Amino acid sequence: MTTTHNLGFPRIGANRELKFALESYWRGESDAQALTTLAGGLRRRHWQQQRRLDLVPVGDFSLYDQVLDMSFTLGVVPERVAGQSGSELDSYFRLARGRASRDSGCHCVQAGEMTKWFDTNYHYIVPEFDADTAFSLNPDRLLRQLAEALESGVNAKPVIIGPVTYLHLGKCKDGSDPLALLPRLLPVYAQLLECLAAQGADWVQIDEPVLVTELDTAWQDAFRQAYAELAGARVQLLLTTYFGRLGDNLPLAAGLPVAGIHLDAVNAHAEVAALAAALPADRVLSLGVINGRNIWKTDLNATLDWLEPVARDLGERLWLAPSCSLLHVPVDLDIEDRLDPEVRSWLAFALQKLDELELLATALTEGRAAVQAQLKTNAEALAGRRRSSRVRNPAVRAAVGTIDADFGRRRSAYPQRAQLQADRLQLPPYPTTTIGSFPQTAEIRRARQQFRAGELAADAYQEAMQREIAHAVHEQEALGLDVLVHGEAERNDMVEYFGEQLDGFVFSRFGWVQSYGSRCVKPPILFGDISRPQPMTVDWTRYAQSLTDKPMKGMLTGPVTILNWSFVRDDQPRSESALQLALAIRQEVLDLEQAGVGIIQIDEAALREGLPLRRAEWTQYLDWAIEAFRICANGVRDETQIHTHMCYSQFNDIIEAIARMDADVITIETSRSDLQLLGAFDRFDYPNAIGPGVYDIHSPNIPGVEQMVQLIRSAAERIPAQRLWVNPDCGLKTRRWEEVIPALRNLVEAARTLRAPS
Ligand code: GLN
Ligand code: ZN
């Protein structure tokens, strides 16, 4: 008998029920009772959908974020939130989302910092500590859910974040060492485990994904100390790791006094044998054999080929699960009624992944013959995928084969190009520009929905978008900006817009994945070799340019960002898909240049996100990612100016790689973190031009002229003034015109102040 279980289930709901309930509650249109009832209903539904498993996760559900839940469970609630009146739910959302100062009398509360959960696109709320942080147990949420689950009749396995990972995820606001808090934290964990035991929990899943990252000896020791202290608990601990290999931490993990360990057998397949050998004979080994990070069907026969001998060795000690929580995949493929049927036959979402898990377990216990028909169907689907002419396009492969070193190299070095570009563009010092998008108003979104639903004819839609473009151009001219953009009205999303026009992608209708809180993304599915049947942006850009004498930037999304924000192929390395994307976007770049566009911006908003969890693997990633950008961007003539944009300011550790992209101008997010930016430039002489974002578009505040002048002046201490641009720190699509106009007016004024002889 092989035990099956799941590490976590998507909580947002197959139809994003939780999202809509949250947003209605936040708008004050429904009350806490309605939200709680809906959440309870979703949990019960999800348990029913998982009840065929031997153990079902409990406590993986969250109204906002599982790390924030853990902070409340451990009593880690910052004073600025705890000190306010109102219910616990109010405090919870206050910390999650902050409370804006609409009027001056309001008690505004700063939200907790949000950051990416390992290498996923899920964001968690960073726990805040200081040297005096005290912990206190608040087990109600978990105990309530455990009681509900037991009532539902499932075999419940509570899920919590382990103490070492929890401390690792947090930040000490006073610069003290979070590990110093461990002795204070552990007794609270011990109490929590005791409460769970008292309420009937047998197994508890304790997530320690930080074990797949590089840990220094202090953190390794923390593991030994923590689990020695928790070893006396009356529950059995299943310590889970996921998203990667254990590497150096394998002996450490294997030696911890817990009842079982979960290994991501997709990403750390090579470690299965070593971990099985290192684990004492009374421990459970849970193997994550179904990929919880992608949407592809598992090759069940190939999995059984290696799994059967492992199962024979381990017997009842073997457990099976997805590699990680299914939080990172959409819920149900069965509701996708419009997906291309061929591609659909290759896919599995959360519920289908659980079917696969069940099949594997049955095959192991009863033999493959018991599930012969299903195994055959699976094999046929995979063979179909391998054979499909839509997956492998010989023309694309041939084109990738022609790439040589010249593809990624500009004809001349930056100083020569810069001179030619200056002669052509005739821009003033401190040129002003924006990052691309202008407000996506309700009218724009309505027009797009009507067009998609077939209620608005193509030419009417085109006219509506042209009106928006004309409006954006006129506003920019009136403001006196130097380099204009068309405003991206026609784009729903910077990746989806391109994915829809490239061959090799499909789009689901309901394939939503939680990004943070109520925010979900619907990643494109990259299934085949990429090609560009026709130009994607040239007509819009040409139309925009026809309205003004100022230079109009062409606006594209780069290959690495498209890749990092999609579900990607598992049948070739990511680097290979990046090259194909690079060639497709390169054609667009060259077509824009051909159409007379003098400045082309290629956004690599998500380049940093693709960095591997282990630093040792960074160089390899950066090498192919940067090369993909270069191939995409650098085929242009010297007098064509290439811009790129990145949505972050942490450049310290990757600035050399960024410089290798050799973009003529890079615009980055800095307005909230000028010190960090300057830090990077202290160390490294960035050779080309930079637009440090001086207007924080994430805030409704209108930046003052003097504040922006100061930011640029301090940048000018590190970067020669003739290489500085003045711009916001990201696109303006989420802002309203009433905010954008005064902010940009100040921005233009700041540039004029800088230009004035002092
Ligand atoms: N050009 C895009 C925009 O302006 C860039 C968005 C982004 O960086 N996330 O919206
Ligand atoms: Zn951005």
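Nothing in this text is a laboratory measurement; each read-out follows from the coordinates by a stated rule. As the structure is a computational prediction, the values presented were derived from the model and not from experiment. Here the Cβ is made from the backbone with ideal geometry for all residues, glycine too, and neighbour counts use every protein chain on show.
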Could you work out the local net charge near LYS522, counting Lys and Arg as +1, Asp and Glu as -1, over the other residues with Cβ closer than 9 Å to its Cβ? -1
Which three numbers, in whole Å and largest first, are the semi-axes of the equivalent ellipsoid of the range 251-378 derived from its Cα gyration tensor as √(5λ)? 28, 17, 11
Sorting check: for 210-217, 433-440, which peptide has the highest mean count of neighbouring beta carbons within 10 Å, and how do the rest follow? 433-440, 210-217
On each of the three principal axes the extent of the alpha-carbon atoms of the range 331-377, given in whole Å and largest first, is 36, 20, 11
Lys and Arg at +1, Asp and Glu at -1: neighbours of ALA348 with Cβ under 13 Å from its Cβ sum to -3
Relative contact order (%) - the range 615-731, alpha-carbon pairs under 8 angstrom, separation at least six: 25 percent
Within the range 146-242, report the trypsin sites (Lys or Arg not before Pro) that DSSP leaves as loop and that have at most 15 other Cβ atoms within 10 Å. LYS173, ARG234
If we count every other residue with Cβ under 11 angstrom of ASN746's Cβ, Lys/Arg +1 and Asp/Glu -1, where does the sum land? 0
Low-density loop GluC sites (Glu not before Pro), the range 17-52, at most 14 other Cβ within 10 Å, DSSP non-H/G/I/E/B, are GLU29
Per 10 Å bin from zero, what fraction in whole % of the C-alpha pairs of the range 297-368 is there, up to the bin with the longest pair? 17, 45, 28, 9, 1
Amide H partners (placed H, <5 Å) of HIS645, local residues excluded: ILE602, ASP603, GLU604, THR667
Could you give the distance between the Cα centres of the range 718-755 and the range 197-234, to the whole Å? 49 Å
Going by a ≥ b ≥ c, the root eigenvalues of the Cα gyration tensor, does the range 135-291 fall in the rounded group (a/c under 1.5), the prolate group (a/b larger than b/c) or the oblate group? oblate
Work out how much length ALA197 to ALA273 would gain on full extension: take 0.36 nm times their residue separation and subtract the Cα-Cα distance, in nm to one decimal. 24.1 nm
Dipole of the chain (Lys/Arg Cβ +1, Asp/Glu Cβ -1, origin at the Cα centre): which of VAL81, ALA197, CYS632 lies farthest to the positive side? CYS632
Once every DSSP H run of n ≥ 4 in the chain is given -39500 (n - 2.57) and the sum is divided by its residues, what mean residue ellipticity at 222 nm do you get, rounded to the nearest 500 deg cm²/dmol? -13000 deg cm²/dmol
proj_area_mean for the chain (convex hull on C-alpha atoms), units nm², value 32.6 nm²
For the range 529-661, alpha-carbon Rg and Dmax in angstrom: 15.3, 50
With a/c under 1.5 counting as rounded, go ahead and sort the range 576-730 into rounded, prolate or oblate using the C-alpha gyration tensor (a ≥ b ≥ c being the square roots of the eigenvalues; past the cut-off, prolate if a/b is larger than b/c, else oblate). oblate
Residues with amide H under 5 Å from that of SER286, placed H, sequence gap 5 or more: ILE261, HIS262, LEU263, TRP319
For the range 486-561, the Rg and Dmax computed from alpha carbons only, in angstrom: 14.9, 44
